[in-house]
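Structure record follows, encoded as structure tokens.
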Amino acid sequence: MTIIVDLDVQLARRKMSVAEFADAVGITPANIAVLKNGRAKAVRFTTLDAICRVLECQPGDVLRWAPESDPVDSD
């Protein structure tokens, strides 16, 4: 399962910096970087709620699913 976080797109549309966004959401810029770089293993609903509130968007505007490529059979 691959979940893509499209924060860059939303921030660019709103001309908002990462630091400004992190302050508005209430999380550190480092945690924003973890989300943006696809290294997050989970997102709390309270954080997702804050992200959507600040960006005035729906969760689907920030998160999307992409199928993983099929693993190569090693037999």
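Every number here is computed from the coordinates shown, using simple stated rules; none is lab data. Predicted model, so just to flag it, every value in this text is computed and none were measured. Virtual Cβ from ideal backbone geometry, glycine too; neighbours counted across all protein chains shown.
Computed quantities for the displayed model
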read-out: Cα gyration tensor, the chain - rounded (a/c under 1.5), prolate or oblate; value: prolate
read-out: Amide proton proximity set for residue 63, modelled H, under 5 Å, gap of 5+; value: 6
read-out: GNM flexibility winner over the chain from 24, 50, 42 (Cα, springs under 10 Å); value: 42
read-out: MRE, 222 nm, helices only [DSSP H, n ≥ 4, -39500 (n - 2.57), over the chain, to nearest 500]; value: -13000 deg cm²/dmol
read-out: Mean Cα-pair separation over length for region 2-62, i.e. relative contact order, pairs under 8 Å, 6 or more apart, %; value: 45 percent
read-out: Inter-probe distance in nm under a simple model that places probes 7 Å from Cα toward Cβ, at residue 33 and residue 6; value: 2.5 nm
read-out: Ascending count of other beta-carbon atoms within 10 Å, so fewest first, for 45, 21; value: 45, 21
read-out: Distance in nm between pseudo-label sites at residue 65 and residue 53 (7 Å out along the Cβ direction from Cα); value: 2.8 nm
